[in-house]
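Heads up, the thing below is written out as structure tokens.
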Amino acid sequence: MAGFKQHISVSGGIGVATGLTATVGMGFTPVQGMLVGYLTTLGGMLPDLDSSSGRPIRELFGVTAALVPMAFADELRRLGGDMETVLLLAVVSYLSIRFGGAWLLSKLAVHRGMFHSVPAMLIAAEVVFLTYHSDSNTVRLLMAVGIALGFLSHLILDEIYAVQWNGLKLELNQFAGSAVKFFGKSFSANAFTWLTLAGLTWYSFGAAGIVDEPPLPSRDEIRQILHTTPAVETPEPGLFPGI
């Protein structure tokens, strides 16, 4: 099985090639080329979120928790309205991802489960497509393809490392076939993964204008929920002696 350094080296090399191709050969801006290169490198770490070593979890959730509030700063400003609410939403976002997400994943994920699968790769790509802010679907698709390429490089590298030489004879170790797969051993994990993929595909097609976009709460509705607090009644005079 390939290690953390091997995966980062391979996905990083593919990221450089992807960024250069996008910039030089496809007409994207240098900034967009660097971003897709970074996402490709990041995608090479994603399947190891189920790793028992914990290093990929710490690395990815630390980076993600810091980047998400910055990436969605404008959205948080529109939702929160006043600066105090925006700061609170940013703090809650960071803590939820950095600690809550990492803890939940460590409890639910099984090593070489559905995180190492083709559906998981598509889910990662669609999440990037839906969350990347751009008026151009082509740019959003570029970023989604980048994360998918890095993810796929991890799966293929794991399968390559599952092949071992025993003298002049090729043998497969216990992890062979557990990376590039469509279904795992757990029915519940399979159902959750495929249902998640189906839902994200629907939203992605809606965001791309292929189908009608599913209804979501408007910003005004979300802001109203955030700023709706129960009324605090003033105590009647004399109800609490000495106050």
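In terms of packing, defined here as the mean over residues of other Cβ atoms within 10 angstrom, the peptides 36-45, 191-200 line up highest first as 36-45, 191-200. A crude spin-label estimate for the pair Ile160 and Met83, with each label 7 Å from Cα along the Cβ direction, gives 5.2 nm.
Listed values for segment 117-124 are Karplus-derived 3J(HN,Hα) couplings in whole Hz (6.51 cos²θ - 1.76 cosθ + 1.60, θ = phi - 60°), namely 7, 5, x, 5, 4, 5, 4, 4, and x replaces Gly and Pro. With 0.36 nm allotted per residue and the present C-alpha distance subtracted, the Leu130-Val31 stretch has 33.7 nm of extension available.
Every number here is computed from the coordinates shown, using simple stated rules; none is lab data. For clarity, every value in this text was computed on a predicted model and none was experimentally measured. Glycine also receives a Cβ, built like all others from the backbone with ideal geometry; neighbour counts cover every protein chain displayed.
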